[in-house]
Amino acid sequence: MIRVSNNPAKAMEFTSFKKKETVTDDELMAAVQKFETVLNKQNGIIFHCLVRNFKNEYANLLFVEEINHLHLLSEQMGSIPEAKDFFDLIEMQTVKMIFHEILKDNFQVPQGFSCVEHGTFSLKPDSTFEALKKASNELETNYLNTFDNSLEHFVGKVKNKVVSEIAFGKTYAKTKEICYGYYNTPFGKALLNLADTETFDLDFYYVVA
């Protein structure tokens, strides 16, 4: 894990993957730490960590100051030895990279989170980004912020009408419980009603490096 600054983040990369079967967890985490020595020298980098779910899938969680920093970084990584060493440990056919444009002003990566909820879905044809942001703000104010576990939250734009909903919490169990509680509060239902439910892709990850 590295935190280069506390500047507001306007974009997040979430790249999930599986490691090769012959690679140990210790080898992967050691490679990530070497990779981070390169990341922290790149323009616009704010924060990076490695997270994992209960399906033995990992993900790079990377925050930057502007979304163009993600595009530049993805072009450069293939020529950097520490990045190539890291990529050599990964089953490349399992890699899924998602860039999130954060639809929240002055979003700062929270201190002390150990769990992240990562969800994506498509908006219904008649749903708008403004309605999504409004529903997100009301969900935070009237539901998420009532829990000590909740540390931060945002909705993001992925591509066209595909959007994301991201929450950060102190513990895995409580973060998952709170997020599934959306179905039991009018503020959660208001956000969910904007979504094409057949497109939901949701999982929970915990910090490992």
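Assuming 1.306 mPa s and 10 °C, estimate D for the chain with Stokes-Einstein, Rh taken as the Kirkwood radius over Cα pairs, in µm²/s. Rounded, D is 90 µm²/s.
The coefficient of translational diffusion for region 85-209, derived via Stokes-Einstein from the alpha carbon Kirkwood radius under 37 °C and 0.692 mPa s, stands at 215 µm²/s. Exposure proxy for 1, 77, 12: other Cβ atoms within 10 Å of each Cβ, ordered fewest to most, give 1, 77, 12. The residue 129 and residue 20 beta-carbon pair, evaluated with R₀ = 45 Å, returns a calculated FRET efficiency of approximately 0.70.
Amide H contacts of residue 103: 155, 156, 157, each under 5 Å away and 5 or more positions distant or on a separate chain (H built 1.01 Å from N in the peptide plane; Pro and chain starts excluded). Using only the Cα atoms of region 2-102, build the gyration tensor, take square roots of its eigenvalues as a ≥ b ≥ c, and label the shape rounded, prolate or oblate: rounded if a/c is under 1.5, else prolate if a/b is larger than b/c, else oblate. Prolate is the answer for region 2-102, as a/c is 1.5 or above and a/b outweighs b/c. Take 51-64, 185-198 and order them by the average number of nearby Cβ atoms within 10 Å per residue, most first; the result is 51-64, 185-198.
For 69, 48, the sequence from fewest to most other C-beta atoms within 10 Å is 69, 48.
Nearest 0.05, what FRET efficiency do residue 30 and residue 7 give at R0 = 35 Å with Cβ-Cβ as r?
Approximately 0.80, to the nearest 0.05.
Extension gain for the segment residue 137 to residue 105, taken as residue separation times 0.36 nm less the Cα-Cα distance, is 10.4 nm to one decimal.
A full extension of the chain between residue 114 and residue 208 corresponds to an added length of 33.0 nm, given 0.36 nm per residue minus the alpha carbon distance.
For the residues 118, 100, 71, a GNM of the chain with alpha-carbon springs under 10 Å puts the largest fluctuation on 71. Over the chain, Cα pairs under 8 Å with separation of 6+ residues give a relative contact order of 27 percent. Full extension of the chain between residue 94 and residue 184 yields a length gain of 29.0 nm, computed as 0.36 nm times the residue separation minus the alpha carbon distance. Round to the nearest 0.05 the FRET efficiency obtained for residue 148 and residue 76 when R0 = 35 Å and r is the Cβ-Cβ distance. Once rounded, the FRET efficiency stands at 0.30.
Would you mind getting the Kirkwood hydrodynamic radius of region 80-159 from its Cα pairs, rounded to one decimal in Å?
Mean inverse Cα-Cα distance, inverted, gives 15.6 Å.
Where a number appears in this text, it was derived from the coordinates with a stated rule and is not lab data. Only a predicted model underlies this, so the values are computations on that prediction, with no experimental measurement involved. Glycine gets a Cβ as well: all are built from the backbone with ideal geometry, and neighbour counts include every protein chain shown.
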